[in-house]
Every structure is written in structure tokens, then in C-alpha cells.
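**Q** Quick one: the structure is below, and I'll ask about it shortly.
Where a number appears in this text, it was derived from the coordinates with a stated rule and is not lab data. Keep in mind the model is a prediction, meaning the values are calculated, not measured. Note that each Cβ is placed from the backbone with ideal geometry, even for glycine, and that neighbours are counted across all protein chains shown.
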Amino acid sequence: MQLTVLGGCGAWPTAVQACSGYLVEYAGFRLLIDPGYATLPRLLNHSTVDAVNAVLISHGHPDHCADLNPLLRARGLSNEPPSALPVYAPHGAVDAVLALDKPSMLAEAYHLHEFTPGDRFAIGPFTTETWLLPHFVPNAGIRLTTPEAVLAYTGDTGPSPDVLCLAQGADLFLSEATYVHQVPTADAPYLLTARLAGQYAHQAGAARLMLTHLWPGTDPTLSQEAAAETFTHPLCIAAPGLITNLGDEVKTSTSVERNGTLHWNS
């Protein structure tokens, strides 16, 4: 299983960082998770739009799903439209995005599969388990399993014992870490810190930790240092172009750039 980060910025994109977006590939199947703001241009660095086999969305905030609209436009309005794109999302999560165009315009471009967080289902070669995790809107924590590896992704979440269930023994735990050490009081039930993400990864026995959804302007070094207080295995910050092959042994906790693409050190 290979994960390519398209973006990992929370709330809104910056000049150098798109919002949440991840391309997961296994056995020739390409699953796009959370196409947030500005992720489509990043996707086009790695794939054509018609090569995406399915989309999986954790929740309905636009920094996790806004670029579903241009993705469907690029497919549905092309000269030779591909078959309808399966889109998996919690009930109602993508209603606002799909309403950006009149219903008939993109009706043939997608096939919507709505689910309730807590459901388990297959997407191509992936066994998909979901958990309802606390956020401002219904959010699905996502665990993808293949015969070789497990990817666990929080979407956006606040503290919950279910995060440990989600991340248990994962080859890669992709965790929201909006703040470094402390979440503002009003938001504390709905978001995580990098420090707490590190604690969850340690307690769950995850092999690797990737921090994502950092608040714009956050120093990623501080987030990485906070997570490393409790998580001593490899960890890094989600950045566009970072490629992780789950199941590969990684001996260090840093990433390097080779040929313009970020990779874990090995």
C-alpha cells in the first residue's frame, strides 16, 4: 500500500500547502481520501483524473472535500468522460459540494455511497472500517486494511478512546494535529494536539506516525518535537509529495527530498 500526501494544512490552503488530501494505491487501485481545498492540482502531479478509482471522505468540512467539485468537473465535462466515480461519504457530508452545480450537470460523473460512521465495507481491494470520532460535524475515522498493511486516519477529531481502537497496531497512523500543545478551550473536544497524537500512536503501538491538519502558520518542527515526547518510532509531518510505502522498514524519523519528491528516510 502506498500513500502520497497531496496536502496536510488545516482550515485553508497556503501558498505552499494544500488542505487535507491523500492518494492511497494498492494492487493498481487508486483511492483518493479527503480532496480538500487545492488538492486537485497536487493530484495531477501524480495521476490523471480518470485514473482515480474511488473517493473516500471523512467529513463534510470543505478543507476535506471542496476539491471533489473540480475533480468531478474534470471527469464529467471531458470529451470522453470515464465511468461514474464511486464517492463514499457520511450521510449528507458532500451535499453542499454537490450542490455547487445544477444536479443534471454532473449526475453521470459520480455514484454516491453514503455510510454511517461505524460501518464496515469494501472499497476495491481495501477493507474499510470506520469509527464515529468527535468533531464539529459527524466525522469518520478510517482504517484501511490490505493483506500487507494497515493505514489508520483520524479525519478531524477530538480526544476519544476510539482513536486507540482506530490506530491499534497500524503500519501508519495519519493523525490530525491542529495544535502543538494545547487546543483552545472551546475547541478542545473536537481537535487534537501533536502531543496527544504522539501519545495515541505510542499507546496504540503504531509503527509510524504522520501528523496532518496543522493550523496554517504552525512551525512543523514544534509539532514534530511535541509528538516525539512520547512517540519514539518514525514520525513526520504531512507535506505535499511525501510518499510512504506501508510495510517498508523505516529506521529514522525524518524525510528527505529526492528528485523533487519527499520520501521517508530508510
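**Q** Test of understanding: ordering GLU148, GLU129, GLU176 by Cβ neighbours within 10 Å, fewest first, what list do you get?
**A** Ranked by crowding around the Cβ, least crowded first: GLU148, GLU129, GLU176.
**Q** Can you sort HIS202, HIS213, HIS181 by how many other beta carbons sit within 10 Å, fewest first?
**A** Listing HIS202, HIS213, HIS181 from fewest to most nearby Cβ atoms yields HIS181, HIS202, HIS213.
**Q** Any chance you could give the angle, 0 to 90 degrees and rounded to 10, that helix 194-204 forms with the longest Cα principal axis of the chain?
**A** 90
**Q** Let me ask something additional. Within 12 Å, Cβ to Cβ, of LEU133, how many net charges do the neighbouring residues add up to if Lys/Arg are +1 and Asp/Glu are -1?
**A** After counting each charged neighbour, the total is -2.
**Q** Suppose every K and R has +1 on its Cβ and every D and E has -1 on its Cβ; what is the size of the dipole of the chain about the Cα centre, in Debye to the nearest 20?
**A** It comes to approximately 200 debye.
**Q** Between (i) 18.1; (ii) 19.4; (iii) 18.9, which matches Kirkwood radius over Cα pairs in Å calculated for the structure shown?
**A** (i)
**Q** With 10 angstrom as the radius, rank TYR88, TYR153, TYR110 by how many other C-beta atoms surround their C-beta, starting from the fewest.
**A** Taking fewest neighbouring Cβ atoms as first place, the list is TYR110, TYR88, TYR153.
**Q** Summing Lys, Arg as +1 and Asp, Glu as -1, what charge do residues with Cβ under 15 Å from the Cβ of ALA228 carry, ALA228 excluded?
**A** With Lys, Arg at +1 and Asp, Glu at -1, the neighbours total -1.
**Q** Considering only the other residues whose Cβ falls under 15 Å of the Cβ of TYR88, what net charge follows from Lys and Arg at +1 and Asp and Glu at -1?
**A** Computed value for this residue: -2.
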